[in-house]
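Just so it is clear, none of the values below were taken in a lab; they were calculated from the coordinates. If you're wondering where the values come from, they're calculated on a predicted model, not measured in any experiment. Virtual Cβ from ideal backbone geometry, glycine too; neighbours counted across all protein chains shown.
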Amino acid sequence: MPGLRTIGRRLTAGVGLVVALSGLAGVFGIRSATTMSHGFDGLFASAADESRASAAIRSDVLHMQRHLKDAALAADAAASARELARADSSWTEAWDELETLQASWHGHPSVVQSVRDDLEAWRFSREWVASLVDVGSFDQALDIATRQAAPLAVEIETGTMNIAAGIAGEHRDMSTALIDRQRRTNRRLTLLLLATTSLTAVLGFGLARSLLRPLRQMATFADDIREGRLDRRLALPRADEIGAAAAALDEMAAGLQTTRAELVRHQGELEQRVAERTEELVRAHEILNVEFNLRESMATQLMESEERLDLMTTGTADGFWDWPDLADDGMWWSPRVYDLLDLDPRGVEPGIAVLLACCHVDDRASLEGALRFGADGGARPDLEFRVRRDDGSLRWFHLRGQVFRDEEGHPRRMAGSLQDIDDRKWAESQLIRQNDELETLNRRLRANQNQLIQSEKMSSIGQLAAGVAHEINNPVGFITSNLGTMQDYADALCGLVAPLVAARTAGTPLDAPELRAHLAAALADEDFAFLLGDIGQLIAESQEGAERIAEIVNSLKSFARPDEDAMVEADLNEGLETALRMVWNQLKYKCEVEKDLAPLPRIRCNIGRLNQVFMNLLVNASHAIEKDGRVLLTTAHRDGHVIVSIQDNGRGIPPTMCDRIFEPFYTTKPVGQGTGLGLSISHGIVSDHHGTIGVESEVGRGTTFTIRIPDNLPAGGDADGPPRQGARSNDLPDDLPDDVPDDLADDLADDLADDPAAVIA
């Protein structure tokens, strides 16, 4: 093309023309597709609206006609009015939908106007039907609705379908026009693309032809220069970049020719300078000999340092390693590392991959992760791992490392040691085995402790059963006596009443002489006035005895399952009274019990387990008193705590023993009379309630135990409240079985409730 004198301009012009034509074709195609898409979208949306409007009109017409007939057939005026209102609503909707169709109608206006006239005529028929219904002429109204309004409804539907069909025809014509327009656009776009392709081919062929011929000439000229023929010239008459390159090659050949001549001229001068330079080199060689001797001395010192380092690394049991470049896999190992890993230094190139290959497969990921984490700037590696040696054995090693950083704080190097810890691991395994053996011995010891605790529980159950049996024996005795007396009274009354019942059954008058004689003789033999009065007293005494037995049985049941419903709100005064009833048989013959019980708030606690504490302290008080003693029970509420105090005037506890009485298996009683677990268990129960139990004692004057329980005890849990069922104090083993005595106590309580006399017997 004219005006373009360089290859770059030609390329730019050709590519620009091709791009312009391609862009024009793309814009033309996109615009055409967009226009057609918008046209079809609007056409489809309009068709959908018109179809919906047409269907709605036909539906509304059906509803209009049906409601009009229903109004004529209605049973009363109110029902007819409702149907007429519904017909009006349907007529209004049909009128609105007709407006929608009219907006899309481009045909003759008379078609739409005809439907409007039919709607107006149907409206007039509706008014006529309404007036006939108002005067009660339902038959005439039905006739109007059937003969006049119904044909109008059919005409409305027919006109609506004609309008819809006309609009559909318009849509078909518009669709055909859009499709024809798109076809013409596609033909134009195809021609434009063919023109673009042809132009691209012509431009490419012309450009290639204009470039290849001069390039071949330039390659031949370069070969001549390489072979020394510097007198030749290209002389390409071109004004573009190739012409400029050819001129540069000609200038280069001329320059080389001039340079060769100058080199020949300066050769003599160079030989003179070489001789002078040789003399200077001899003098420099002498200087280098001195420097060489100095370097040799430094190398000797370096070798001595390396020998000392080798002695250090060889003389220690640990191996040393160096990772000089964290971006590379290569490492340096001391000879000891090869020995530890059972590797031959001559056939192994030390590196991260070799170290990981020696590591046991289960430990490989952790070793690689520790090294990579340290190399990425994390913590320095410090871990233990296993290595499988050639003989198949596994040995444990400990790898430590130190990360060295550059001036900016980035990791640049890592070095450390490798230690064989297999012997230490073996010692650790032996220690674990010995610990397991010790644990076995501890379990056996706990089993023996459990047997002692079971013995203590069985002894407590036996004492409790004996006391309860004695307490129940008294009311059972007089109840049995009263029942015998009442049996005699019942026999006497039956003897008096039996003849009267027989006479009434036989129909004999009750005032017959023989019956009067029988009654007179019976009344003379028995004092029935005393008998009737004594029966009431016997029944009252028996009821009192039964209530006493029920009270004792209920108290016993509260001790049968102390861990059930562990955390409840309870009054400790009631718990103390319950415990007192359970041990009353052991106290009543030795001492008097005095009570100073203050009103207490109900606190959240395990009342069954606290009752065990109260009963244990009361039993200990009875054991400490020989005769004519006194036990004082005191309760109070102050400083956020409920306080229970049990004081006796028994023989007391020596000061040297007071500090140990809460220890497991420690007892002040003679051998064979106690296991020493009662106070230890009590201390654990109180501690589980976040409370305290203290003791004050003086030999010969008595002992006082004081229990303090917080009144805001949290609601349950291992840490915040009393333990769950089966839990124990930290002073005793955690797995002490307590179900056997509880089951025995529970069975005893049930037996007493069912048949107290049989249990006592």
Cα centroid separation, region 66-120 to region 150-193 (Å) = 29
Of the peptides 570-578, 161-169, how do they stack up when ordered by the mean number of other Cβ atoms within 10 Å, highest first?
-> 570-578, 161-169
Other residues with Cβ under 14 Å from the Cβ of Ala141 give, with Lys and Arg +1 and Asp and Glu -1, a net charge of -4
At 25 °C and 0.890 mPa s, what whole-number value in µm²/s does Stokes-Einstein give for the translational diffusion of region 362-452, with Rh from the Kirkwood sum over Cα pairs?
-> 149
Neighbourhood charge, 10 Å Cβ-Cβ cut-off, centred on Arg336 and excluding it, Lys, Arg +1 and Asp, Glu -1 | -3
For region 316-420, averaging the sequence separation of alpha carbon pairs under 8 Å that lie six or more residues apart and dividing by its residue count, the contact order in percent is 30
Take each of the peptides 79-86, 287-294, average the number of other beta-carbon atoms within 10 Å over its residues, and list them starting from the highest.
-> 79-86, 287-294
Positive-end residue, region 316-420 charge dipole about Cα centroid, Cβ charges, pick of Pro335, Cys359, Pro411 = Cys359
Residues meeting the amide H criterion for Gly629 (H placed from the backbone, H to H distance under 5 Å, 5 or more places apart or on another chain) are Cys591, Glu592
Once Rh is set to the Kirkwood radius over Cα pairs, what Stokes-Einstein translational diffusion coefficient, in µm²/s, holds for region 316-420 at a temperature of 20 °C and a viscosity of 1.002 mPa s?
-> 154
Using a basic spin-label model with each label point 7 Å from the Cα along Cα→Cβ, how many nm lie between Thr259 and Gln402?
-> 5.7
Using alpha carbon centers only, region 223-292 is separated from region 579-641 by a whole-angstrom value of 124
Relative packing of peptides 182-192, 240-250 - highest average C-beta neighbours within 10 Å first = 240-250, 182-192
